[in-house]
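Colleague: I have a structure here, written as structure tokens, and I will follow up with some questions on it.
The values are calculated or read from the model by the stated rules, or taken from the named source; none is laboratory data. All of these numbers come straight from a predicted model, not from anything done at the bench. Methodologically, a virtual Cβ is constructed for each residue, glycine included, from the backbone with ideal geometry; neighbour enumeration extends over all protein chains shown. The accessibility values were calculated without ligands, DNA or RNA, using every heavy atom of the protein model including side chains. Shrake-Rupley method; radii C 1.70, N 1.55, O 1.52, S 1.80 Å.
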Amino acid sequence: MLKLPDNFNPFTVVVLVFEILCFIYLVRQPEKRNYFLWMIFIFGWVKQLIFISQKSLFDWYYWVPQILLFVPGVIFILEQKTRKYLWLGLFVLFYMIPMLAFQTVHSIATGNGEWNYRRTIGLFLNHYEKDKNQWILLEPAGYVPYFSGLKTIDEVGLVDKEIQNEIKKDRQNYWINTVKKRKPKYLLSYDNLFERKDGAYYTMHYRLLKEFRVKNHLKSSNPLLEKIYILKPSGTDYNLYVRIKD
């Protein structure tokens, strides 16, 4: 899967070009199946472009369209009349095995990032904060709020409708507007809030409670797993802030 904007996978470009060429080759033939190929192709690309335009870059959002765009390649191989098994062998060797290897590594690394990293942040909060009626503002809801047991305001509104209204009113400043209006006790951020343009407000009302770093969660008693974790670290560095009593 092509990761945007930071992690660029050149193999994905090769795969996409191959899928597009297979699609063009197939639809040039007067077959009834072309109607369904067009539906699959358009749906797959439209869905991906919508997610990319909204900067929704979680890889699992793209699994369905990627599988659909995989269909023309499979049909192309299966319909080869000459040297069919050669085409099939090349397809397995240069397409399916690398994709399977990448997905295996990616899944293992992602599992570590979620269970052994983000979950630990939630568990830290769960033990630190005894009042489960307190609020935390953070990234899209997942492991952290679940294991923390705290009430959650997630920055895309998966579990909170009010922040959706803030985004509609002022997309550029919805985060700080939400903080000022609702005063959550905890903030979990990718960056240093004190260095933002509204840093003076954060400095006055919040203090840094703890830093969480991906590099500190790459160890494993299994040497192979540890190599995978180091090869493809999964997660984001976070800073956890707690509100200072007014």
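Colleague: Considering only protein heavy atoms and a 1.4 Å probe, what is the carbon-and-sulfur percentage of the accessible area of the range 93-188? Before the final figure, lay out each step's value.
Modeller: On the way: 2920 of 5060 Å².
So the carbon and sulfur contribution to the accessible surface is 58 percent.
Colleague: Computed FRET efficiency, Cβ-Cβ of MET99 and LEU123, R0 25 Å: what is it to the nearest 0.05?
Modeller: Step by step, r from the Cβ atoms, then E = 0.15.
Colleague: May I pose another question? Percent of Cα-Cα pairs per 5 Å bin, from 0 to the last occupied bin, for the chain, please list those.
Modeller: 1, 5, 10, 13, 14, 13, 11, 9, 8, 6, 4, 3, 1, 1, 0, 0
Colleague: Contact order normalised by length for the chain, with contacts defined as Cα pairs under 8 Å and 6 or more residues apart; what percent is it?
Modeller: On the way: 270 pairs, mean separation 37.5, N = 246.
Computed value for the chain: 15 percent relative contact order.
Colleague: At a probe size of 1.4 Å, how large is the accessible area of ASP237, to the nearest 10 Å²?
Modeller: In the full protein context, ASP237 sits at about 70 Å².
Colleague: To test your reading of the geometry: what angle, between 0 and 90 degrees and rounded to tens, separates the Cα axis of helix 10-27 from the longest principal axis of the chain?
Modeller: Between the helix axis and the principal axis of the chain, the angle is about 40 degrees.
Colleague: With point charges of +1 on the Cβ of Lys and Arg and -1 on the Cβ of Asp and Glu, referenced to the Cα centre of the range 144-244, which listed residue (ASN173, TYR241, GLY157) lies farthest in the positive direction of the dipole?
Modeller: Final value for the positive-end residue is TYR241.
Colleague: Take the residue pairs LYS151/LYS183; LYS151/LYS185; LYS151/LYS232; LYS151/LYS180; LYS130/LYS181; LYS132/LYS197 and return only those whose Cα atoms are more than 20 Å apart.
Modeller: Details: LYS151/LYS183 13 Å; LYS151/LYS185 10 Å; LYS151/LYS232 32 Å; LYS151/LYS180 17 Å; LYS130/LYS181 23 Å; LYS132/LYS197 31 Å.
Table pairs above 20 Å Cα-Cα are LYS151/LYS232; LYS130/LYS181; LYS132/LYS197.
Colleague: Name the trypsin sites (Lys or Arg not before Pro) in the range 138-225 that are in a loop by DSSP and that have at most 16 other C-beta atoms within 10 Å, would you? It would help to have the intermediate numbers written out before the result.
Modeller: Working: sites: LYS151, LYS161, LYS168, LYS169, ARG171, LYS180, LYS181, ARG182, LYS185, ARG196, LYS197, ARG207, LYS210, ARG213, LYS215, LYS219; in loops: ARG171, LYS185, ARG196, LYS197, ARG213, LYS219.
When the trypsin sites (Lys or Arg not before Pro) of the range 138-225 are filtered for loop state and at most 16 Cβ neighbours within 10 Å, ARG171, ARG196, LYS197, ARG213, LYS219 remain.
Colleague: With the Cα gyration tensor of the range 142-246 giving a ≥ b ≥ c as the square roots of its eigenvalues, does the rule (a/c under 1.5 for rounded; else a/b larger than b/c for prolate; else oblate) give rounded, prolate or oblate?
Modeller: Values: a/c = 2.27, a/b = 1.81, b/c = 1.26.
Prolate.
Colleague: Okay, helix-only estimate at 222 nm for the chain: each DSSP H run of n ≥ 4 adds -39500 (n - 2.57), divide by all residues, round to 500 deg cm²/dmol; what do you get?
Modeller: Values: 11 runs with 127 residues, N = 246.
Dividing the helical sum by the residues of the chain leaves -16000 deg cm²/dmol.
Colleague: Sticking with this structure for a sec: Give the calculated FRET efficiency between ASN173 and ASP59 to the nearest 0.05, with a Förster radius of 30 Å applied to their Cβ-Cβ distance. Intermediate results must be reported in sequence, preceding the final value.
Modeller: Working: r = 29 Å, r/R0 = 0.96.
After rounding, the FRET efficiency stands at 0.55.
Colleague: Ignoring ligands and nucleic acids, what accessible area does TRP87 show with a 1.4 Å probe (Å², nearest 10)?
Modeller: Its heavy atoms expose roughly 100 Å² to the probe.
Colleague: Given a 1.4 Å probe and heavy atoms of the protein chains only, how would you sort GLU162, GLU226, largest accessible area at the top?
Modeller: Numbers: GLU162 95, GLU226 45 Å².
If we order GLU162, GLU226 from most to least accessible, we get GLU162, GLU226.
Colleague: Considering only protein heavy atoms, what is the solvent-accessible area of ILE42 at a probe of 1.4 Å, reported in Å² to the nearest 10?
Modeller: Looks like 90 Å² after rounding.
Colleague: Only four residue types carry charge here, +1 at the Cβ of Lys and Arg and -1 at the Cβ of Asp and Glu. Report the dipole size of the chain about the Cα centre in Debye, rounded to the nearest 20. Write down the numbers at each step before the final one.
Modeller: On the way: 34 positive and 22 negative charges, 44 e Å.
Roughly 220 debye for the chain.
Colleague: Does the range 6-77 classify as rounded, prolate or oblate by the C-alpha gyration tensor (a ≥ b ≥ c root eigenvalues; a/c under 1.5 gives rounded; else a/b over b/c gives prolate, otherwise oblate)? Provide the component values of the computation, followed by the final result.
Modeller: Values: a/c = 2.66, a/b = 1.68, b/c = 1.58.
The shape class here is prolate.
Colleague: Same structure again: For the range 68-183, compute the orientation-averaged projected area of the C-alpha convex hull (one quarter of its surface), in nm². Show your work: numbers first, answer last.
Modeller: Working: hull surface 42.8 nm².
Reported value for the Cα convex hull: 10.7 nm².
Colleague: Further question on the same structure: So which aspartates and glutamates pass the test for LYS161, namely a Cα distance under 18 Å, with those fewer than 8 places away in the same chain ruled out?
Modeller: Within reach: GLU139, ASP170.
Colleague: Here's another thing I want to ask about it. Tell me whether the range 141-200 comes out rounded, prolate or oblate; compute the Cα gyration tensor, take square roots of the eigenvalues as a ≥ b ≥ c, and use a/c under 1.5 as the rounded threshold.
Modeller: Values: a/c = 1.93, a/b = 1.20, b/c = 1.61.
Note, shape of the range 141-200 comes out oblate.
Colleague: With springs only between Cα atoms under 10 Å apart, run a GNM on the chain and tell me which of HIS127, HIS106, HIS217 wobbles the most.
Modeller: HIS127
Colleague: Kindly state, to the nearest 0.05, the FRET efficiency for LYS183 paired with MET39, given R0 = 45 Å and r defined as their beta-carbon distance. Walk me through the intermediate numbers first.
Modeller: Values: r = 49 Å, r/R0 = 1.08.
The formula returns an efficiency of 0.40 here.
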